[in-house]
Amino acid sequence: MSSGASCRGMQRSLERDDETRAGTEASSDGGRLSGVRSRVGRVFSIRGFLLALGVVVAGAVAGGAIGGIVPFMGTIGRVVGVFAATFLLGLVRSHRQYLEVGIAGAAVAALLAVTQVFSGVFLPIGVEWLQQYGLALGAIGAGSGAVASLLGYYFGRDLRDGLTTSIE
């Protein structure tokens, strides 16, 4: 065996040892879940979620106020408000945050759908209705909120893409 071949073999062995040590040090710094945390950090952004939550709440409040002028239109107004607010968010935001926007829209709409039961009835009746229909109301609210927020965000991002792309 030539000295060049044995030198290359030793170099490969040393490289493997360095990789093993680097992997051990990385895992000891972050623990077993360090890889999961880094992947989740790339998928879900807390800042993006809080921004989306604020925008969705503002849209629901504005839509409820405008839709509340006409009787029985408050719920539809809130959904339209969520759509419009997330449309504007998609128009100005350059990051893709569909997960954050969808979860924020679903959470706010589910909460509004469930608490809406108490706005028009006496408390014991509202509690009884909530026991019977609370899960269905929450699911319908979450679904409509998620759909409205995701569609608004998608169309806002699509318009932003169309406005910023050069025509050739």
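Evaluating G74 against the criteria (1) buried (at least 17 other Cβ atoms within 10 Å of the Cβ); (2) at pLDDT 90 or above leaves one unmet condition, (2). Got at least one residue in the stretch 100-119 being surrounded by fewer than 19 Cβ atoms within 10 Å (Cβ to Cβ), in contact with a helix residue (DSSP H, G or I) (Cβ under 8 Å, 6 or more places away or on another chain) and within 24 Å of T165 (Cβ to Cβ)? There is no residue in the stretch 100-119 that is surrounded by fewer than 19 Cβ atoms within 10 Å (Cβ to Cβ), in contact with a helix residue (DSSP H, G or I) (Cβ under 8 Å, 6 or more places away or on another chain) and within 24 Å of T165 (Cβ to Cβ). Quick one: would you say V82 is without any contact (Cβ under 8 Å) to a residue 40 or more places away in the chain, β-branched (V, I, T) and out of contact with any His (no Cβ under 6 Å at 6 or more places or on another chain)? When the stated conditions are applied, V82 does not pass them.
So, L151, is that one aliphatic (A, V, I, L, M) and in contact (Cβ under 8 Å) with a residue 40 or more places away in the chain or not?
Yes; evaluated as a whole, the condition is true for this residue.
Of all residues in the stretch 87-99, which are loosely packed, with under 14 Cβ neighbours inside 10 Å and touching a Gly at 6+ places or on another chain (Cβ under 9 Å)? Within the stretch 87-99, V92, H95 qualify.
Just a yes or no: is a residue in the stretch 12-28 assigned to a helix (DSSP H, G or I) and either closer than 29 Å to Q116 by Cβ or at pLDDT 70 or above (or both)? No, the stretch 12-28 has no match at all.
Restrict the check to the stretch 124-142 and report whether at least one residue is in contact (Cβ under 8 Å) with a residue 24 or more places away in the chain and crowded, with 21+ Cβ neighbours inside 10 Å.
Filtering the stretch 124-142 for residues in contact (Cβ under 8 Å) with a residue 24 or more places away in the chain gives 137-142.
Within this subset, residues satisfying the condition of being crowded, with 21+ Cβ neighbours inside 10 Å are 141-142.
So far as the stretch 124-142 goes, yes, one or more of its residues are in contact (Cβ under 8 Å) with a residue 24 or more places away in the chain and crowded, with 21+ Cβ neighbours inside 10 Å.
The values are calculated or read from the model by the stated rules, or taken from the named source; none is laboratory data. The structure presented is a predicted model; accordingly, all values stated were derived computationally and were not measured. Positions of Cβ are backbone-derived with ideal geometry, glycine not excepted, and every protein chain shown enters the neighbour counts.
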